[in-house]
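**Student:** If you scroll down you'll find the structure; I have some questions about it.
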Amino acid sequence: MDFSHIAELIHRATGLTPEAIGAERLSAAARARMHACGIDQPAAYATFIMHSSRELAELIETILEQGRPFCEEPRSLRAIEQYLQTAWLQGPARMLNVLCAPCGGGEEVYGLAMSILEAGVPRQLYRIDAVEISARNLDRARHGIYPEESLAAVTGERRGRYFRAVQQGHAVTPLLRERVRFIQAGLLDNTLGAAPGHYHIVFCRNLLRYFDAATRSRALATLRGLLAADGLLVVAESERGLVSGPGFRPIADPALPILIRRQDAQEDRQSSAGRCLA
């Protein structure tokens with residue numbers, strides 16, 4: 001069966017390329033939704049989703065729905081803890097605003113909250129906005145209940161502090177949940193409502209690799225606009241080479257997938273003027 005027209009419709013709606021989704025994953029999701037709709041041919045289903053935003057959303061949900069383990073790529077999380085301890089917490093007390101996009105089923109955002117707390121940031125002085133396009137993933141993140149295999153990399157000490165045992169598995173405690181705000185949106189939707197430069201750290205892992213070059217460029221411009229001057233962008237280790245251009249520079253260790261937002265010339269002038277007036 002030819003699913004190329006369906007793949008193109010998904011790309012237009014989300015920016016996800018057919019290559020990134022994978023032929024097997026696309027085929028399985030499309031076949032499942034075609035069966036649910038009683039449609040036999042991909043061409044007919046493509047016509048259907050062109051006129052049904054609800055069914056297109058269902059197809060995208062089916063493609064995106066997947067669980068992930070906690071504490072993936074721990075080097076990045078340790079580097080963030082070190083930054084918070086040696087830089088952020090050495091300055092005046094202020095609110096740390098963090099964006100996690102996409103947040104998936106919540107493993108990413110709750111793992112990030114653990115690192116922020118263990119770095120010593122007071123619980124009342126940080127806020128994480130967790131953004132996810134998939135309603136199913138977002139619902140799972142809000143519930144915050146995970147099977148044993150998701151917590152394989154979580155130490156016993158962390159389990160005791162951040163989770164409680166429930167019939168369905170392990171539930172996150174209010175200590176993690178209370179400082180997270182969940183938002184259903186796409187990164188390119190421009191619906192976050194955040195002011196330019198609002199976030200001090202942006203976690204955007206395992207998203208850029210799914211975009212084509214043009215969409216990735218738009219996404220990076222959006223992320224740069226959301227970051228404060230000298231704010232940190234964290235991507236997946238496999239995506240480090242995808243972040244290029246003058247908008248970001250690597251931190252001291254170029255092997256880490258963490259970049260610092262560069263100020264442009266106008267911002268530099270404004271910053272200098274502000275120092276002169278201080």
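We did not get these values from a lab; they are worked out from the coordinates using the rules stated. What you are looking at is a predicted structure, and each value in this text was computed from that prediction instead of being measured. Neighbour counts are summed over all protein chains in view; Cβ atoms, including those assigned to glycine, are modelled from backbone coordinates with ideal geometry.
**Student:** Please name whichever of VAL243, GLN90, ILE258 sits farthest to the positive end of the charge dipole of region 74-269, dipole taken about the Cα centre and charges placed at Cβ: Lys and Arg +1, Asp and Glu -1.
**Tutor:** GLN90
**Student:** Still on this model: Counting each DSSP H run of 4 or more residues in the chain as -39500 (n - 2.57), what helix-only mean residue ellipticity at 222 nm follows after dividing by all residues, to the nearest 500 deg cm²/dmol? Walk me through the numbers before you get to the answer.
**Tutor:** Numbers: 12 runs with 123 residues, N = 278.
After summing the helix terms and dividing by residue count, I get -13000 deg cm²/dmol.
**Student:** I want the antiparallel fraction of DSSP beta bridges within region 74-269, as a percent rounded to 5. Could you put the intermediate results ahead of the total?
**Tutor:** Details: 12 of 29 bridges.
Restricted to region 74-269, the bridges split so that about 40 percent are antiparallel.
**Student:** Work from the charge dipole of the chain (Cβ charges, +1 for Lys and Arg, -1 for Asp and Glu, about the Cα centre) and give the residue of TYR146, VAL172, ALA195 farthest towards its positive end.
**Tutor:** ALA195
**Student:** For the chain, which longest stretch is free of loop sites, where a loop site is one of the GluC sites (Glu not before Pro) that DSSP puts outside H, G, I, E and B and that has at most 15 other Cβ atoms within 10 Å? Kindly include the intermediate steps, with their values, before the conclusion.
**Tutor:** Working: sites that count: GLU65, GLU178.
By the stated rule (loop sites, at most 15 other Cβ atoms within 10 Å), 66-177.
**Student:** Remind me, relative contact order of the chain in percent, using alpha carbon pairs under 8 angstrom and six or more residues apart? Before the final figure, lay out each step's value.
**Tutor:** Working: 401 pairs, mean separation 46.1, N = 278.
Result for the chain is 17 percent.
**Student:** Here's something else I'd like to know. Sequence gap at least 6, Cα distance under 8 Å: using those rules, report the relative contact order of region 1-98 to the nearest whole percent.
**Tutor:** RCO, region 1-98: 25 percent.
**Student:** Quote the charge dipole size of region 17-102 about the Cα centre in Debye, to the nearest 20; the model charges only the Cβ of Lys and Arg (+1) and of Asp and Glu (-1). Let's see the in-between values first.
**Tutor:** Details: 8 positive and 10 negative charges, 59 e Å.
Using Cβ point charges on Lys, Arg, Asp and Glu, region 17-102 gives about 280 debye.
**Student:** Same structure again: What trypsin sites (Lys or Arg not before Pro) in region 60-120 are in a loop by DSSP, with at most 12 other Cβ atoms within 10 Å of the Cβ? Please list the in-between numbers first.
**Tutor:** Working: sites: ARG75, ARG78, ARG94; in loops: ARG94.
Sites meeting the loop and neighbour criteria: ARG94.
**Student:** Show log10 I(q)/I(0) for region 4-64 at q = 0.12, 0.15, 0.16 Å⁻¹, two decimals, from a solvent-free Debye sum over equal Cα scatterers.
**Tutor:** -0.22, -0.35, -0.40
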